[in-house]
Amino acid sequence: MKTIVKSALVALTVSVFAIPASAVECVAAPVSVQDTIVKKDTVVKEDTPMFFAQSEVVYTKIEVSEVPAQVSEAVAAKYEGYTIAEAAKGSDNSYKLVIKKEEASLTVYFDENGGFLKEETPAEETVVA
């Protein structure tokens, strides 16, 4: 009996590895990256949306009065003496603000919660024609 079982295992192993390359497409069962195997014979589809990184944030000009209080307070705390001269809201809900103090001017970026993102001086800004 042991001999029959061993022979069957050897035959099964040989048949699995002896599949011609042209037959691989017919034998292989594709599994999506989004599939999750719950049990041996059960596959559950996960419908998770795919988000693509936005290559560039698009800013739309807004009134200075439309800037959230959290953002205005963060600007006042970080840039004492500066006032917001221009404001724009980004497609990612960030804010691009031009702030001025006497003759000095800066462009600063904050997230919607008042978190500082970055700062640009006028020489760093790029002008698109």
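All of the numbers you see were taken from the coordinates with simple rules; none came from a lab. The model shown is predicted, which means the values in this text are computed figures rather than measured ones. Backbone-built Cβ (ideal geometry, glycine too); neighbour counts: all protein chains shown.
Quick rundown of the values:
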read-out: Scattering curve values for the range 59-120, log₁₀ I(q)/I(0), Debye with Cα scatterers, q = 0.20 Å⁻¹; value: -0.65
read-out: Residues with amide H under 5 Å from that of A85, placed H, sequence gap 5 or more; value: V98, I99, K100
read-out: Cβ-defined net charge surrounding N113, 15 Å radius [Lys, Arg +1; Asp, Glu -1]; value: -2
read-out: Estimated FRET transfer efficiency (K61, K118; beta-carbon r; R0 25 Å; 0.05); value: 0.85
